[in-house]
Amino acid sequence: MPGSQGIDGIVSNLNTTEIIKAVMDFERRNIRRMESDIQEKTQKMTVFNSISAKVLSLKVKADKLTRAATFEAAKVSVSDEDYLTATVRGQVSPGQYSVNVEQLASHHQIASQGFATKGTTIGTGEFTFQLGDGSAKTIEVTSENNTLEGLKDAINNSGGAIQAAIINDGSASNPYRLLLTSSKSGADNIIQVSSSLSGGEAPDFDNSSFDTVEKTRWTNGSTAEAVVGDTASYTGTENKTYTFTVAGSGTQTIGTDEIVLNWSDGTESGTLTIAAGYTPGDEIALAGAGSDGLKLSFSDGVLAAGDSFQVQAFTPELQAAQDAKVSLGDSSGGGSPITVSSSNNEIEDLIPGVKLSLKKVTEASSNININTSVNTSQIVKAVEDFVNSYNAVMDAIDQQFKYNEESTEIGILFGDSTLRTMQTRLRTGLLTSMSDLESDYVLLSQLGVRHDVATGKLGLRDRAELEDAIENNMDDLMKFFTNSGSSDNSAIEFVSSTSKTEMPDSGFSVKITQAATQGYLYGDNINDPASSPLEIDSSNYQIKLRVDGIESDVIALTQKTYTSMTELAQEIQTKIDNDSKIGNLGVTVEASGNRLKISSNSYGSNSRVETMGGISASAMDLLGLSTGERYRGDDVQGTINGEEATGSGQMLRGKSNSEFAEGLSLKVTLTPSDIRNGNDSAAISLVTGWANQMEEMLDMFSAEGEGVIANRTDALQTQIDIINDRIAKEEERLKIREESLWRQYQALEESLNKWNSTGSFLSTQLTNVNKNWDMIRGSK
């Protein structure tokens, strides 16, 4: 800051600017020391951040080794997917399997005796049904719903585990039957029915019977009538039709001529003879295989050769409750396959880690071959990635500890205790023995990963050891690396956990309050095709759906006449399965009474089935799908150790702010009926794997805001901030000091200038005095 005169030392001839600059430069030495300190601390922060990035990368590699999915990478192939498909659902071992689908799971289905109309009165009282060992459901039948159709609607609206429909068997008399279908497949899901109806013809689902005789070809002159005998009782086990045809030639008289009738039930056949001298009204029993208790009687009159009639034999069980059966193995060459059963057509326990979805029964001696293999190279790469990332961290730390004797250069963090501790703990972590594991592997070195003594580098020194573990002992390999868990409820399964999951001493207590469900579309009632055939033609043959948010192509149904809801559902199912967009989503179509039900295969709030508009020749209205009911699926809900957990589909996860359960993932396959029946809880215990322990350690080092490195860099930043504050204060002091110096030098210049002016004045005055004195002296 130059003086007000703008010229240095104009009076004093001093270089004021240089003098002040030298003084200030000397007094700034403390600031320079502080700036140097900031530079050093900034460099340390840069190095720490660089090492932190490498530690974070190592943590990512360790995290991959904590995941079961890393070790479950597998390939599975099926020789013929027309019969079954296979998908990887867990840990898979290499193998070749020969499978036969012996039987598909089916839903129990029973029907009542025939009724003349849907509006036939069935009486009033109570009608009770139960599925398997589930809860019984009782319906009150009153004067408002005491018809066959009224009972059907009451059953469907009851929320019970069966669906009701009225079918038309096509017979001339009493064609309408009440059909009950189990909502669940499997041998245990048998429909049980009881009723206390009075005042009408109650539906009978227990007793087999013969229907009335129906004429199929009758000569105009034939006057005799055939009826089922009063004591006839059907003893067979299948629904079938007996066909009778009068043999011989010409007209034949009952009671006079010997009349022979040929009969067949489609499998067995024989003859029934009306003897000469037969007394009209007497019963004649059918004889031989297939007769099954059928008796006929005939009235007076004549029969003509070629006359024919039929009798339907009816048993209430239309479809048995049946488990799926799959055999594993090949009987050729003396092998003895094992057979497993499942209540549905999804088999998850036969081949480890593989889910089989059954489609149809295989032909005799026609095996389906399934090949599974582990993706060994992917697992080895995950281990190698960890090793390389570990070496990168250790190299970065070692670089800071090097000393160059020639240049005397050292790392900015030379001797840093934090780095030294990190290095020691990382090396110790590699040597950690997982002695608590029930595993063949308790040390990383047992898997071929060891330090090289010469270089100090970690490396996969024996790849064969790791590959052997992958191919022959995957269970123990996964136990070593990943967290493992156990549950006392097979329907609440441990899936995974993270470094943030901390098991309490008492373990995890899980309570499920809502089971996951699937979304579905439930169409409106349509006319029963059995009684009013449904015609699909060029004007109404296309549908389009959106399943779980994925739109199908326009689906074209076969143009023909459909005579049953089952046939219609099967057609829609086939066309959906062949759709390029949603065909692989596992959508199911079924007939529920006179309504179509289209269900998603997924679970949770994203599970849904919707109809799409804007297509030509739409069949939506005809099929009752335009205005049907649409139900989204439910996510599983529950608590872990009393804390509300987060559900997504069938997955239940501990919340991010949970004290213990953060990172814990469970798969819950309970059904709503399980919840109602009290099967809703589980105790879960965990064992922490080696990779999880490493991840926890690395997280302690690298965690943002709270890790060891973050604490060091935060401390350095705090010190820098403090020093900057001190520098700012020192700068302010020096500014005042410099201004003071300038004022002082300016004052000096001003003083000297005054002194010089005063001296000049005095000198002038003295000169004048001398002159005056000389004049005075001269005048004398």
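The values are calculated or read from the model by the stated rules, or taken from the named source; none is laboratory data. No experiment lies behind these values; they were computed from the predicted model shown. Methodologically, a virtual Cβ is constructed for each residue, glycine included, from the backbone with ideal geometry; neighbour enumeration extends over all protein chains shown. Areas reflect the complete protein model, heavy atoms only, side chains present, ligands, DNA and RNA absent. Shrake-Rupley method; radii C 1.70, N 1.55, O 1.52, S 1.80 Å.
Descriptive notes on the structure:
- Subset of segment 248-300 (residues that are within 60 Å of the chain's Cα centre (by Cα) and among the charged types (D, E, K, R)): Asp265, Glu268, Asp292, Lys295
- Members of segment 564-587 that are over 17 Å from Ala165 (Cβ atoms) and either in contact (Cβ under 8 Å) with a residue 60 or more places away in the chain or open to solvent by 50 Å² or more (accessible area, probe 1.4 Å) (or both): Thr574, Lys575, Asp577, Asn578, Ser580, Lys581, Asn584, Gly586
- Any strands (runs of 3 or more DSSP E) falling wholly within segment 61-151 and containing at least 1 residues that are over 30 Å from Phe210 (Cα atoms) and open to solvent by 20 Å² or more (accessible area, probe 1.4 Å): 74-78, 84-88, 95-103, 137-141
- Residue within segment 331-342 that is open to solvent by 50 Å² or more (accessible area, probe 1.4 Å), over 30 Å from Glu471 (Cα atoms) and in contact (Cβ under 8 Å) with a residue 12 or more places away in the chain present: no
- Single condition Glu590 does not satisfy, out of (1) surrounded by fewer than 19 Cβ atoms within 10 Å (Cβ to Cβ); (2) in contact with a Ser or Thr (Cβ under 9 Å, 6 or more places away or on another chain); (3) free of Cβ contacts under 8 Å to residues at least 40 places away in the same chain; (4) charged (D, E, K, R): (1)
- Within segment 611-639, the residues that satisfy the criterion of being open to solvent by 40 Å² or more (accessible area, probe 1.4 Å) and either closer than 30 Å to Phe508 by Cα or assigned to a loop (DSSP other than H, G, I, E, B) (or both) are Gly613, Gly614, Ser616, Asp621, Leu622, Ser626, Thr627, Arg632, Asp634, Gln637.
- Subset of segment 309-329 (residues that are open to solvent by less than 70 Å² (accessible area, probe 1.4 Å) and of a type in the set (Asp, Glu)): Asp323
- The set of residues from segment 432-450 being touching a residue at least 24 places away in the same chain (Cβ under 8 Å) and in contact with a strand residue (DSSP E or B) (Cβ under 6 Å, 6 or more places away or on another chain) comprises just one member, Val449.
- Among (1) open to solvent by less than 50 Å² (accessible area, probe 1.4 Å); (2) in a strand (DSSP E or B), the one test that Tyr234 misses: (2)
- Qualifying residues in segment 256-287 (those that are hydroxyl-bearing (Ser, Thr, Tyr) and free of Cβ contacts under 8 Å to residues at least 24 places away in the same chain) - the one surrounded by the fewest Cβ atoms within 10 Å (Cβ to Cβ): Thr256
- Selection status of Ser52, of a type outside the set (A, V, I, L, M), within 30 Å of Thr718 (Cβ to Cβ) and open to solvent by less than 30 Å² (accessible area, probe 1.4 Å): yes
- One residue stands out among those in segment 362-372 that are surrounded by fewer than 16 Cβ atoms within 10 Å (Cβ to Cβ) and touching a residue at least 60 places away in the same chain (Cβ under 8 Å): the one that is farthest from Ser106 (Cα to Cα), which is Asn371.
- The number of residues in segment 170-180 being in a loop (DSSP other than H, G, I, E, B) and open to solvent by less than 50 Å² (accessible area, probe 1.4 Å) comes to 3.
- Some residue of segment 402-414 being in a helix (DSSP H, G or I) and open to solvent by 50 Å² or more (accessible area, probe 1.4 Å): no
- Filter result for Val453 (modelled with pLDDT under 90 and either more than 37 Å from the chain's Cα centre (by Cα) or open to solvent by less than 50 Å² (accessible area, probe 1.4 Å) (or both)): yes
- Where Gln559 falls short, out of the listed (1) of a type outside the set (Val, Ile, Thr); (2) in contact with a Ser or Thr (Cβ under 8 Å, 6 or more places away or on another chain); (3) open to solvent by less than 70 Å² (accessible area, probe 1.4 Å): (3)
- Any hit, segment 154-164, residues being open to solvent by less than 60 Å² (accessible area, probe 1.4 Å) and touching a Pro at 6+ places or on another chain (Cβ under 8 Å): no
- Output for segment 347-361, where each listed residue is in contact (Cβ under 8 Å) with a residue 24 or more places away in the chain, under 21 Å from Gly586 (Cα atoms), under 24 Å from the mean Cα position of the chain (by Cα) and open to solvent by less than 80 Å² (accessible area, probe 1.4 Å): Leu350, Ile351, Gly353, Val354, Lys355, Leu356, Ser357, Leu358
- Listed by first and then second residue, the pairs with beta-carbon distance under 7 Å, at least 6 apart or on different chains, first residue in segment 70-94 and among the polar types (S, T, N, Q), second at pLDDT below 85 and part of a strand (DSSP E or B), are Ser93/Val374.
Residues are listed down the side, and each one gets a yes or a no for (1) within 22 Å of Gly707 (Cα to Cα); (2) without any contact (Cβ under 8 Å) to a residue 40 or more places away in the chain; (3) open to solvent by 50 Å² or more (accessible area, probe 1.4 Å); (4) part of a helix (DSSP H, G or I):
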site: Ile19; (1), (2), (3), (4): no, no, yes, yes
site: Asp25; (1), (2), (3), (4): no, yes, yes, yes
site: Arg32; (1), (2), (3), (4): no, yes, yes, yes
site: Phe48; (1), (2), (3), (4): yes, no, no, yes
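- Output for segment 654-679, where each listed residue is more than 30 Å from Ser135 (Cα to Cα) and in a loop (DSSP other than H, G, I, E, B): Lys655, Ser656, Asn657, Ser658, Glu659, Phe660, Ala661, Gly663, Leu664
- Condition met for Glu644 (at pLDDT 90 or above and not hydroxyl-bearing (Ser, Thr, Tyr)): yes
- All positions within segment 744-768 that are aliphatic (A, V, I, L, M) and free of Cβ contacts under 8 Å to residues at least 24 places away in the same chain: Ala747, Leu762, Leu766
- Selection within segment 697-711 - assigned to a helix (DSSP H, G or I) and either farther than 15 Å from Met45 by Cβ or without any contact (Cβ under 8 Å) to a residue 12 or more places away in the chain (or both): Met697, Leu698, Asp699, Met700, Phe701, Asn711
- Among strands (runs of 3 or more DSSP E) entirely within segment 476-545, having at least 3 residues that are open to solvent by 30 Å² or more (accessible area, probe 1.4 Å) and either touching a strand residue (DSSP E or B) at 6+ places or on another chain (Cβ under 8 Å) or modelled with pLDDT of 90 or more (or both) singles out 484-487, 492-496, 508-514.
- Cβ-Cβ under 9 Å pairs, at least 6 apart or on other chains, segment 722-743 side in a helix (DSSP H, G or I), far side open to solvent by 80 Å² or more (accessible area, probe 1.4 Å) and among the aliphatic types (A, V, I, L, M): Glu738/Met1; Glu739/Met1; Leu741/Met1; Trp742/Met1
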